[in-house]
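The values are calculated or read from the model by the stated rules, or taken from the named source; none is laboratory data. Treat the numbers as computed from the prediction; the structure is a model and nothing was measured. Ideal geometry is used to build each Cβ from the backbone, glycine not excepted, and the neighbour counts take in all protein chains shown. The accessibility values were calculated without ligands, DNA or RNA, using every heavy atom of the protein model including side chains. Shrake-Rupley method; radii C 1.70, N 1.55, O 1.52, S 1.80 Å.
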Amino acid sequence: MVNLIDLYKEKYYIPAAELADQAETNRLHLKIVSIVMFLFGAVSLTVVAIKHFHNGRDYKHLFIYFSVFTIASTSMYIYSKLIKNVPREKAYVLKSVPFYILLSVGFFAGVYNFYIIGQPFNGVLIYFITGLIALMTFTFSPILFFTAILIEVILFIPGVYKNFGATGLFDTIMAAILMHSFSLYKRFNDKRIILMLRKQKQSLVAKTFGNFTLLYDNKGIKFSRTKSLELLAYLIYKNGSSVQTKELINVLWGDHADSARYGSSLRNLIVDIRHSLSELEIQNFFVSEYNNFRINPEAINCDYYDFLEGNPTAIKNFAGEFMSQYSWAEETAGFLEMKVLKK
């Protein structure tokens, strides 16, 4: 048993602090999934209400079913907005909790369809779809995922055997095994990427005290456009938090910059950054998802991050200047000075 635990840790265990970037992806995916679930629940509730008033039949079970979808998805969307800027050491836990809640709701929907509403085929289908969406969309613990699908299969066993026979039961169990196997593969791949980032982190360096410089193998990274470096500087300052297009345009071209006018300019900067990083084979550092942009702090060595973590050398090296060439960084320089005075 001890050997199995050690083997699992060696291949699949990742400290929560190193999954902060994946947690941000979970949060962004959660927003999209919760919107889709809300639309599904709200439209279905409307249809059920219309049917109820037209023919007077009892749709109580359907009302409960779609109400849970609507309430859960609304709550998770609001939650995803509230946890945008949580500390990185808590990010993975706080940003992944909503995934487990929605996973539970999806599996609950399968059981509810199967036994309460009396639609066995729909119940099993929802079970498969829930697992598939989870595997395609989110980063999660294989152990917790396996526990969830195991509970679902145990609840399904009597009904599946009764309605679909031994073949249906075999297919359901095989689907659970395949989903768990794929969840292990995903976690193995996540760990491989994190190990790669640790190695890359030794070569990719951001110096923020004084003028901002971005180095790779001790050489300054060159971009075709001047503001490409400022864009990355701002994202490094944001420490892994996602930044939307409008905020970036305001930072780079002023508070009153027209989004429509400067949208194409921003897209050109994005292309320039991707091209320059790709040429140097820098991976998993600059991330763009759903009109949100960020950098992965786990992929870079940065004096600012060391300062925030209380590193004595970084604190000593701070001389009152932070990204001096950018006006938006002046307030942060003052904040860092205050932290030094409190030491």
Check: Would you pick out the residues in the stretch 192-203 that are open to solvent by less than 40 Å² (accessible area, probe 1.4 Å) and either modelled with pLDDT of 95 or more or in a helix (DSSP H, G or I) (or both)?
Finding: Ile193, Ile194, Leu197, Gln200
Next item on the list: Examine the stretch 276-299 for a residue that is among the acidic types (Asp, Glu), part of a helix (DSSP H, G or I), surrounded by fewer than 16 Cβ atoms within 10 Å (Cβ to Cβ) and free of Cβ contacts under 8 Å to residues at least 40 places away in the same chain, and state whether such a residue exists.
Entry: yes
Note to self: Here is a list: Leu62, Leu45, Leu39, Leu28. Which entry is open to solvent by 50 Å² or more (accessible area, probe 1.4 Å) and either among the hydrophobic types (A, V, I, L, M, F, W, C) or touching a Gly at 6+ places or on another chain (Cβ under 7 Å) (or both)?
What the structure shows: Leu39
Notebook entry, point to check: Counting only residues that are surrounded by 16 or more Cβ atoms within 10 Å (Cβ to Cβ) and closer than 12 Å to Leu231 by Cα, how many does the stretch 251-267 have?
Noted result: 4
Margin query: Considering only the stretch 120-130, I want to know if a residue exists there that is open to solvent by 80 Å² or more (accessible area, probe 1.4 Å), at pLDDT 90 or above, assigned to a helix (DSSP H, G or I) and over 30 Å from Tyr59 (Cβ atoms).
Written below: no
Item checked: Which listed residue is modelled with pLDDT of 90 or more, more than 30 Å from Leu7 (Cβ to Cβ) and either surrounded by fewer than 20 Cβ atoms within 10 Å (Cβ to Cβ) or among the aromatic types (Phe, Trp, Tyr) (or both), from Ile71, Ile117, Ile133 -> Ile71
Note to self: If I ask for residues that are of a type in the set (S, T, N, Q) and surrounded by fewer than 17 Cβ atoms within 10 Å (Cβ to Cβ), which ones from the stretch 74-114 would you list?
What the structure shows: Thr74, Ser75, Asn85, Ser104
